[in-house]
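Below is one structure; the comments refer to it alone.
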Amino acid sequence: MRARRGQRVPVVVQGRGRRRTGARVLWVAAETVVTCGVVVLLLVVHQLWWTNQEALAEARDQVRVLERRWEAPGGVPGDPSPSVSRPEPGRPTGAGTAPGPAPAGSPDTAGPGSTGAFAVLRIPRLGLAVPVAHGVSRRSVLDRGFVGQYPGTAGPGRTGNFALAGHRNTHGEPFRYVNRLVKGDEIAVRTRDATYTYRVDQILPRTAPRDVGVVRAVPRSLVQPSYGYTAPGAYLTLTTCTPEFSSAYRLVVWAKLVSTG
């Protein structure tokens with residue numbers, strides 16, 4: 001049909017609506033990306049900074065509480081014995097567990113009643129003073145900024161292996177700089193009854209997470225047998241994850257008892 005003379009033919013303009021819709025989609029996508037980035041940043045800040053502040057505060061308070069209790073005349077009734085090892089049900093005394101903090105997602109391995117601190121670990125080279133509790137449960141021990149004693153291992157100053165685990169990063173990270181220890185450095189463990197001084201003797205830079213030999217009564221790596229001992233003694237073992245911000249391997253420091261005061 002032809003348009004009559006003088007009559008305009010309507011023209012439909014397309015494209016502007018599409019451009020506006022596309023711009024809205026891009027804007028929403030950009031806002032979503034920014035929001036997700038902020039959430040991730042907040043999570044990182046919480047994990048790397050806030051958990052450290054909380055755990056450090058609790059650990060320092062616990063150290064003060066313990067030392068004040070021990071210095072009080074006669075001590076405090078009901079104070080947990082520092083020399084009692086609490087093995088898990090069904091686990092023979094001296095048996096090993098994973099030589100470091102359990103990887104994310106793994107079950108807690110603490111024995112019953114294993115949340116109370118009973119000793120203070122001091123490492124002068126690192127300026128570290130941290131409470132020691134029974135068990136290596138992440139929730140009730142390690143994530144509180146404490147160092148945990150492997151169930152079934154010997155008590156402080158006793159013949160055998162006083163084996164400890166601690167976080168390297170986050171939650172107080174008490175063992176972050178244990179890689180700086182060198183042979184001859186002193187480590188002190190104070191309990192209600194005495195202070196036990198150990199001297200660093202060997203360092204295993206890296207081993208498998210399940211190298212249970214490093215926490216046995218006579219510690220010796222099953223992965224790298226050239227590291228460890230062959231004779232009974234009074235040993236102290238420190239274990240933590242390595243490299244930093246990873247749980248792929250374990251770093252192990254061994255020390256021998258040199259004095260009791």
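Before moving on, here are some points about what is shown:
- Residues that are of a type in the set (D, E, K, R) and in contact with a Leu (Cβ under 7 Å, 6 or more places away or on another chain) within the stretch 202-261 comprise Arg206, Asp211, listed in sequence order.
- When Leu126 is tested against (1) touching a residue at least 40 places away in the same chain (Cβ under 8 Å); (2) touching a strand residue (DSSP E or B) at 6+ places or on another chain (Cβ under 6 Å); (3) not charged (D, E, K, R), only condition (2) is not met.
Residues checked against (1) under 30 Å from Gln53 (Cα atoms); (2) among the small types (Gly, Ala, Ser):
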{"position": "Ala217", "(1), (2)": "no, yes"}
{"position": "Leu222", "(1), (2)": "no, no"}
{"position": "Ala231", "(1), (2)": "no, yes"}
{"position": "Thr239", "(1), (2)": "yes, no"}
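- Residue in the stretch 57-72 that is modelled with pLDDT of 65 or more, within 15 Å of the chain's Cα centre (by Cα) and not in a loop (DSSP other than H, G, I, E, B) present: yes
- Glu173 vs. criteria acidic (Asp, Glu), in contact (Cβ under 8 Å) with a residue 40 or more places away in the chain and buried (at least 19 other Cβ atoms within 10 Å of the Cβ): yes
- Scanning the stretch 183-201 turns up no residue that is closer than 18 Å to Val141 by Cα, out of contact with any Pro (no Cβ under 7 Å at 6 or more places or on another chain) and among the aliphatic types (A, V, I, L, M).
- Any hit, the stretch 228-243, residues being under 20 Å from the mean Cα position of the chain (by Cα), aromatic (Phe, Trp, Tyr) and not in a strand (DSSP E or B): no
- Among the residues making up the stretch 213-257, a single one is of a type in the set (A, V, I, L, M, F, W, C), buried (at least 19 other Cβ atoms within 10 Å of the Cβ) and free of Cβ contacts under 8 Å to residues at least 60 places away in the same chain: Trp254.
- Selection within the stretch 148-174 - on the phi < 0 side of the Ramachandran plot, touching a helix residue (DSSP H, G or I) at 6+ places or on another chain (Cβ under 9 Å) and not in a strand (DSSP E or B): Tyr150, Thr153, Gly166, His167, Arg168, Asn169, Pro174
- When residues in the stretch 130-147 are screened for being part of a loop (DSSP other than H, G, I, E, B) and among the charged types (D, E, K, R), 2 of them pass.
- A residue that is farther than 20 Å from Thr260 by Cα, outside any strand (DSSP E or B) and of a type outside the set (Lys, Arg) cannot be found anywhere in the stretch 186-198.
The values are calculated or read from the model by the stated rules, or taken from the named source; none is laboratory data. Treat the numbers as computed from the prediction; the structure is a model and nothing was measured. Don't worry about glycine lacking a Cβ; one is built from the backbone with ideal geometry, like all the others, and counts go over all protein chains shown.
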